[in-house]
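Computed from the coordinates by the stated procedures, all read-outs in this text should not be read as laboratory data. Computed from a predicted structure; not experimentally measured. Note: ideal-geometry Cβ built from the backbone for every residue, glycine included; neighbour counts use all protein chains shown.
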Amino acid sequence: MGPVPKHWKGKCVPGEEFNPKKVCNRKLIGAKYYLTGYERRFGKINRTRTPEYVSARDVIGHGTHTASTAVGSRAKDASYSGLARGTARGGAPRARLAVYKVCWNSNFGGTCTEEDTLAAFDEALHDGVHVISASFGKGPPLRQFFASSSDIGSFHAMQLGVSVVFSAGNNGPDPSLVGNVNPWSICVAASTVDRSFPSKILLEDGSFFMGEGLITNHITGNLSRARNHFFGGICSTSNWKNVSASGNILLCFSTDGPVSSIEAEFAAREAKAAAVIFVEPLTRPIAAVSIFPIIRIDIIQGMKLLVLPSSTKVQILPSKTAFKRSPAPMVADFSSRGPSSISPDFLKPDITAPGVNILAAWPPYVPPSMFPDDERQVHWNFQSGTSMSCPHVSGIVALLKSAHPNWSPAAIRSALMTTAYTKDINGDYISVEATTKPSNPFDVGAGHINPVQAFDPGLVYDMTTRDYVLFLCNIGYSEEQIQAIVGCPPTTCPDRTEPNWNINYPSITVSSLTCTTTIKRTVRNVGHMKTAVYFASIVSPNGVEVVVWPRILMFTPFKEEITYFVTLKPVKMSEGRYDFGWITWSDGFHQVRSPLVVEVNTTGVVVLTVWPIDFFSLNVVVLDMLQFVFWYERMLCALSTICLFV
């Protein structure tokens, strides 16, 4: 790599087991750590139970893994014990890396304080970063934006043109548990890839069952049911009968208890079993790294194994690496879902990216599993989570920033969202892990990231700092609360506010549609052809009539931005149910697609079914179209006894 850029103001700060002269170079150009807030709240770090370094050094592997996913250089022959062997590289392998450590290993959990997090954000911006990848966060109850350091810090980044990418969280699959929901950053869900690690369970008669695991050696033993060793057949240490399972292969069901695979592993080790066959109802289980051999199978195969005699000889063969596993991608079961619990009138998560069984770099001094007595040393490891999907997007954002240096964070997010795809490798809609039902925007956002298409999106939905300030005004924040987010200069709110759904987001979300409502959006032509004509196509949500005006957008070198309006009219009686659709603008080459998410709430009111005026068909010139639409909706709502938002 070339010399460190002249604009760079950061540095590598020395600390425990971290010597900048040995580890920092033209790739790793910054490394800092933030401990003031932690020590003020908790005192000195207690390292008697958990390892930790008072430095930027990674002690659990999470930071190394995510950093290499985002910007790791090309490395040949990467694998985990021979599995997934190939050449590894990050999303932006030529990008440089600066590390800001804000979370500390405390009592087997990461602890990050608001004070340290905001300090790291602001110092990273001062140092001159271009993209911030933040694989951390928490689920509900969420802090309000003005009380959250990550929301404030990412707002400061947006003001300086720096994109911030967050993980959505691992609290799925229940709804409304998505984290990092501010509208000025990118929130990433997690999905699977088409790579799998099939493991064969071979019986004496030659028949076999297929599961998934990271089995690296040949294992032989007698099949033994959990109830022979655990009370109630519950594979947990607290239920162990103190009956040895030495040399046996335990058959454990996740539904007994229920128990997690980790609980079953600890219990099987204590019982001295040779391996665990873990049965769970998920259609595509995660092959997690463990010091103890575990193979996962679905419940249908598990029931067939359950009826076999306990003395049945079983062989577990080493796992293989397979590709083109379908369906793929699928939404990971753990990935946190929308809608946002703070502001449901814009979509979160924004997009999904690979986050299951991701192979990336790993510090050799950190064991690959969470077992305390794991002493193995590896250079590559598998991890799963939205922490893994986040840096996939961060790397792509870095490439987009390099290709389009004048694009704002909002324009970059728009390019990612409007070019995302929603079909899997079979041409079906991306499904949800465990249920195989089709996903919706609360699962995947706008869809699965499509890096190649994102470089040429055709149109973008852009936003400025003022747009976000108006949004904060619209959700009822006081000027003092907004000032806590914005910093300088002072901000004021207008006397009249707009609905939250008018924020110029690349998706349209209305959390409570009670009457005919019009939404506005503005798009800018960023395609190679400055003269372009885009036509609208609509897939309406169930129970909603959708009208787009104008239906044709004509761009010229003198008219790069055009505003259009979307009118939503409820045509069914409903309460509390979300339905989904799409609005797509196409010039024959670009497909600029925006999710349309609507919750109709019309129970107990009269829904107007006859339009008194079809103003879209009138051949007239309206000087202030938006004002006319607002007047028209007031009339409609007055006739149907429904109050409007203005």
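For the reader, a short list of remarks on this structure follows.
- Less than 5 angstrom separates the built amide H of residue 577 from those of 600, all sequence-distant by 5 or more or on a different chain.
- For the pair region 394-445 and region 547-562, the centres of their Cα atoms are 24 angstrom apart.
- Scanning residues 5 or more positions from residue 101 or on other chains, those with amide H under 5 Å from its amide H are 32, 33, 34, with H placed 1.01 Å from N in the peptide plane.
- The label point for residue 227 and the one for residue 44, both projected 7 Å from the Cα toward the Cβ, are 5.5 nm apart.
- Here the Karplus curve 6.51 cos²θ - 1.76 cosθ + 1.60, taken at θ = phi - 60°, turns the phi angles of region 145-158 into couplings of 4, 6, 10, 10, 5, 5, 6, 5, x, 6, 5, 4, 5, 4 Hz, with x standing for Gly and Pro.
- Proximal lysines to residue 569, defined as alpha-carbon separation beneath 25 angstrom and excluding residues fewer than eight positions away on the same chain: 348, 520
- Global form of region 177-247, assessed from the alpha-carbon gyration tensor, a/c cut-off 1.5: oblate
- Between residue 6 and residue 572, the simple spin-label model (points 7 angstrom out along Cα→Cβ) gives 6.2 nm.
- Taking region 88-156 and dividing mean pair separation by its residue count, relative contact order in percent (alpha carbons under 8 Å, at least six apart): 31 percent
- Ranking 390, 70, 555 by Cα position along the charge dipole of the chain, where only Lys, Arg, Asp and Glu carry charges on their C-beta atoms, puts 70 farthest toward the positive end.
- Taken about its Cα centre, region 246-333 carries a charge dipole of about 460 debye when Lys and Arg each add +1 at the Cβ and Asp and Glu each add -1 at the Cβ.
- In this structure, the pairs whose alpha-carbon distance is over 26 Å, taken from 76/320; 138/423; 22/401; 101/401, are 138/423; 22/401.
- Averaging the Cα positions of each part gives two centres, and for region 12-28 and region 261-280 these lie 41 Å apart.
- Of the beta bridges in the chain, as assigned by DSSP with both residues counted there, near 65 percent are antiparallel.
- Scalar couplings 3J(HN,Hα) for region 408-421, obtained by applying the Karplus form with A = 6.51, B = -1.76, C = 1.60 to θ = phi - 60°, are 7, x, 5, 5, 5, 4, 4, 4, 5, 6, 6, 9, 5, 9 Hz; x denotes Gly and Pro.
- The label point for residue 321 and the one for residue 554, both projected 7 Å from the Cα toward the Cβ, are 5.5 nm apart.
- Counted by Cβ distance under 12 Å from residue 560, the other residues give a net charge of +1, where Lys and Arg count +1 and Asp and Glu count -1.
- For residue 304, a cut-off of 17 angstrom between C-alpha atoms picks up these lysines, skipping any fewer than 8 places away in its own chain: 200, 313.
- Model label zone, residue 402; criterion: amide N under 13 Å from point 7 Å along Cα-to-beta-carbon; scope region 115-129: none
- Listed by chain and number, the aspartates and glutamates whose alpha-carbon sits under 20 Å from that of residue 21, ignoring those within fewer than 8 places in the same chain, are 58, 127.
- The local environment of residue 267, defined by Cβ-Cβ distances under 12 Å, has a net charge of -1 under the rule Lys, Arg +1 and Asp, Glu -1.
- Taking a ≥ b ≥ c as the square roots of the eigenvalues of the Cα gyration tensor, region 457-598 is classed as oblate, since a/c reaches at least 1.5 and a/b does not exceed b/c.
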